[in-house]
Structure formats: structure tokens, C-alpha cells
Amino acid sequence: MKEGKVFVISGPSGVGKGTLCRLLMDRYPNLAATTVSVTTRAPRPGEKDGVHYYFKSAEEFEEMEKKGMFLETVNKYTNRYGTLYSEVERIMKEGKNVILEIEMQGGVNVKKRIAGAVLIFILPPSLEALTGRIVSRGSETAEEISRRQSEVEKEFDQAKDYEYFVVNDVLEDAVEKVKSIIVAEGTKDNIGNIKQKYFGRN
Ligand code: 5GP
């Protein structure tokens, strides 16, 4: 069985990354799975511990960090977020590709640690469409919305290491594009590996 790869999916707040990833996994349950991150932020209404995040105190987070449990961590606003090695391993063991739905600094750090990681940036059809989505979600205060908007341009500036750019205009199309990227990346190899597999030499 060919080992799964790590795919980072990032994009500005409100671009619909979460919905896209959920639909992708509903449609192609054997292709990929997302990790559950650790965060120190408070749960939003409807969010469940162990499903959306592992919700921890700042002290607990620090303790986990000291133990070397994180592939990457980031400070965002006043909160901390981190990807657990154990989550990545859990999905790899299932023979699936790993999807990390994380912000861009995290993506860049993952690429430094896992050279074969593939970074995908999800774009809104326009900046105006993005603002509309954040407001209609209704879970953020006006102050948080304006703070997040000012982050958008900075996020684009950080996208240097990203290789794929998928516009989330029609959700179904965006899901198919991400699926195609995952499938295509899974067929990448080099002739040395192939000859080893077929003839026992390279
Ligand atoms: P939210 O608080 O809206 O759930 O997430 C805020 C941002 O943190 C989003 O861009 C989300 O993708 C990102 N994020 C969630 N978990 C992690 C993580 O483990 N590492 C990093 N670097 N970013 C994360």
C-alpha cells in the first residue's frame, strides 16, 4: 500500500475551508481525513471537544508542547493552536492522506518538517464575497471581524510556499479540484522507486 501524503489546506477566515474539507471526506471517505487540532480558545456554540478541537487550557497546551507532542503550533490572536503528531499518525495508519486545515504560518512550518507536504490555498471568488461570508456566520464580534479582515492581505503575503490555489466559488467544483490534486500527487514518484518495486533494483 502506498503511504498517504500530508496536505495542508489554508485560506482566509470565512473562505469555506471547513465545509470544503467535510464535503471532500463525505464524498471520498477512503481518500483522506482531517486531524483534530488542540486549541486554547473557547468552544463556539455547537463545537464538541475531541471532534472540532481538543479544547485545552493555556497550561495544558504548554505541557503538551514541552512533551514534544506537536508537529507545529501557532499563536493566533490571543489563542494557541497546534497539530498533534499522534493525529497525523492515526490517519496515516488508516492508509489515508492527511489533511491539515490550518493557517498559513502553520503550513509553512509543516513544509519545513515534512518535505513532501503539499500546500493548498483556498481563495474566495473576491474579497467582497469573503467579507459577506464572515458577517453572515454571525459568530464573531464586530471587532473580531475587522481584525480578521486586516489579516487577509497579510495572509496572501505569506502564501509563497503554497503550490495550489483553488477558488471556492462553486463548492462542488472546489471539492473536485482538491480531490484531483490529492489523486495526482499520489501518482507522483520517480523511476528509481518504480524499478525497485518491479525488478528489485534501481
Ligand atoms: P478558528 O478559531 O476559527 O477555529 O481557527 C482560526 C485559524 O486557526 C484558522 O485559520 C484555522 O485553520 C487555524 N488552525 C486551526 N487549528 C490549527 C492548528 O493546529 N495549527 C495551525 N497552525 N492553525 C490552526
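The numbers here are math on the coordinates, done by the rules we state, and not lab data. No experiment lies behind these values; they were computed from the predicted model shown. Here Cβ is always computed from backbone atoms with ideal geometry, including for glycine, and neighbour counts include all displayed protein chains.
Quick notes on this one:
- Note on the chain: GNM, Cα springs under 10 Å; of K93, K76, K188, the largest mean-square fluctuation is that of K188.
- Other-chain or far-sequence residues with amide H under 5 Å of S37's (modelled H): Y54
- In degrees, nearest ten, helix 127-137 long axis to first principal axis of the chain (Cα): 70 degrees
- For the chain, the relative contact order is 29 percent, taking Cα pairs closer than 8 Å that sit 6 or more residues apart in sequence and dividing their mean separation by the residue count.
- Pairs from K67/K111; K93/K154; K67/K195; K48/K76; K160/K195; K56/K111 whose Cα-Cα separation, in the structure shown, is over 31 Å: K93/K154; K67/K195; K160/K195
- Restricting segment 1-93 to GluC sites (Glu not before Pro) in coil, as DSSP defines it, with at most 13 other Cβ within 10 Å: E3
- C-alpha long axis of helix 104-113 to longest principal axis of the chain, angle in °: 30 degrees
- Near Y81: Cβ cut-off under 10 Å, other residues only, Lys/Arg at +1 and Asp/Glu at -1. The net charge is +1.
- Gaussian network model of the chain, springs between alpha carbon atoms under 10 Å - residue of G82, G14, G138 with greatest fluctuation: G138
- Loop-located GluC sites (Glu not before Pro) in segment 123-202 (DSSP state other than H, G, I, E, B) with a sparse environment of at most 15 neighbouring Cβ atoms within 10 Å: E163.
- Taking Cα atoms only, the orientation of helix 171-186 departs from the longest principal axis of the chain by about 30 degrees.
- Here is the size of segment 1-114 from its Cα atoms: Rg then Dmax, 13.8, 42 Å.
- Given +1 at the Cβ of Lys and Arg, -1 at the Cβ of Asp and Glu and no other charges, the dipole of segment 6-188 around its Cα centre is 360 debye to the nearest 20.
- Once divided by 2.2 N^0.38 Å, the Cα radius of gyration of segment 1-56 becomes 1.29.
- Loop sites in segment 1-69: trypsin sites (Lys or Arg not before Pro), DSSP, at most 16 other Cβ within 10 Å: K2, R41, K48, K67
- Fraction in percent of alpha-carbon pairs per bin - 5 Å, segment 111-193: 3, 11, 18, 18, 18, 14, 10, 5, 2, 2, 1, 0
- For the chain, the C-alpha radius of gyration divided by 2.2 N^0.38 Å, with N the number of residues, is 1.08.
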